[in-house]
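Heads up: the structure comes next, in structure tokens.
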Amino acid sequence: MKTKEELIDDLLNLAFAEDLGDGDHTTLSTIPADAMGTSRLIIKEDGILAGVEVAKKVLEKVDPSIKMEIFINDGAEVRKGDVAFTAEGPVRALLIAERTMLNIMQRMSGVATMTRRYQNELAGLHTRVLDTRKTTPGMRMLEKEAVKIGGGTNHRIGLFDMILIKDNHIDFAGGIEKAITRAQEYCRENNKDLKIEVEVRSLDDIRRVKEHGGVDRIMFDNFTPELTKEAVKLVDGEFETESSGGITIDNLRAYGEAGVDFISVGALTHSVKGLDMSFKAV
């Protein structure tokens, strides 16, 4: 299995392959090979900055001789007009790196900004906002990193690092108890140390899970805040609890006040507007 760093490197290779092709002919035709210069990353919209560390990787991949001077780090609140960093080196390399770097930083900063907004809605509560697998294909590691930078918490990274028994698994397996039992047996037989989470659709499902046992977390699927409060009381701390489905910034606080440990929000990554910024010559 590839590491996070290897997956990011693969993403950068693909990004440059689709953008650069057989060369940046505009830059090659207009900029002398020995031209040196400096560009700065200018913030054009208030938000949370994310992607500075990835920008380092982008610039280094294009030309290791580029020197960065960083003024604002990942996770900081930024305002319109702020300069996050400067990059000095061959002008051709700066121009080639510009769009790929901006695409990544704008996307990551948008995710971090959205995440901070959601987590701030839960201020004073123990509830943490979680991301989901509703990510841009190929950019999951970066988007999940941006969620952490924004103050959120990562759910499972993919299908490999946690067992999440959802409604379709339960229905195909022939019931909630059978699904849990098979998951437990699978982990034992394959020597897998994986947390098991199960989705429930009613208070009766919770009672069945409590009677059966063998899970670490229960996910309340499309419960109202009122029903969630009853569900949390029924679980009574025996398992971690998570709310999912139909949750927006407007009702997020109500779910947190119902007492759940986690709230998963697909909107953190699936419908985010990138944070506006530019990379301009000094």
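Hey, can you tell me all the residues within the range 142-151 that are among the aliphatic types (A, V, I, L, M) and open to solvent by less than 10 Å² (accessible area, probe 1.4 Å)?
Leu142, Ala146, Val147
Okay, residues lined up against (1) under 17 Å from Thr127 (Cβ atoms); (2) in contact with a helix residue (DSSP H, G or I) (Cβ under 8 Å, 6 or more places away or on another chain):
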| residue | (1), (2) |
| --- | --- |
| Lys166 | no, no |
| Lys210 | no, yes |
| Ala231 | yes, yes |
| Glu238 | no, yes |
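Can you tell me which residue in the range 232-268 is most open to solvent (accessible area, probe 1.4 Å), limited to those that are assigned to a helix (DSSP H, G or I) and within 17 Å of Leu203 (Cα to Cα)?
Lys233
What are the residues in the range 152-198 that are surrounded by 18 or more Cβ atoms within 10 Å (Cβ to Cβ), assigned to a loop (DSSP other than H, G, I, E, B) and either free of Cβ contacts under 8 Å to residues at least 24 places away in the same chain or among the small types (Gly, Ala, Ser) (or both), if any?
Passing the criteria: Gly152, Arg156.
Of the conditions (1) in contact with a helix residue (DSSP H, G or I) (Cβ under 8 Å, 6 or more places away or on another chain); (2) surrounded by fewer than 16 Cβ atoms within 10 Å (Cβ to Cβ); (3) closer than 21 Å to Val111 by Cα, Ser271 fails just one. Which one is it?
Among (1) in contact with a helix residue (DSSP H, G or I) (Cβ under 8 Å, 6 or more places away or on another chain); (2) surrounded by fewer than 16 Cβ atoms within 10 Å (Cβ to Cβ); (3) closer than 21 Å to Val111 by Cα, the lone unmet condition for Ser271 is (1).
Restricting to the range 203-228, what's the tally of residues that are assigned to a loop (DSSP other than H, G, I, E, B) and either open to solvent by 40 Å² or more (accessible area, probe 1.4 Å) or β-branched (Val, Ile, Thr) (or both)?
Residues in the range 203-228 being assigned to a loop (DSSP other than H, G, I, E, B) and either open to solvent by 40 Å² or more (accessible area, probe 1.4 Å) or β-branched (Val, Ile, Thr) (or both): 4 in total.
Would you confirm whether any residue within the range 64-79 is touching a residue at least 60 places away in the same chain (Cβ under 8 Å) and open to solvent by 30 Å² or more (accessible area, probe 1.4 Å)?
Yes, the conditions are met somewhere in the range 64-79.
Going through Thr113, Thr127, Thr136 one at a time, which residue ends up being among the β-branched types (Val, Ile, Thr) and surrounded by fewer than 22 Cβ atoms within 10 Å (Cβ to Cβ)?
Thr136
The values are calculated or read from the model by the stated rules, or taken from the named source; none is laboratory data. As the structure is a computational prediction, the values presented were derived from the model and not from experiment. Here Cβ is always computed from backbone atoms with ideal geometry, including for glycine, and neighbour counts include all displayed protein chains. Please note that ligands, DNA and RNA were not included when accessible areas were found on the heavy atoms of the full protein model with its side chains. Shrake-Rupley method; radii C 1.70, N 1.55, O 1.52, S 1.80 Å.
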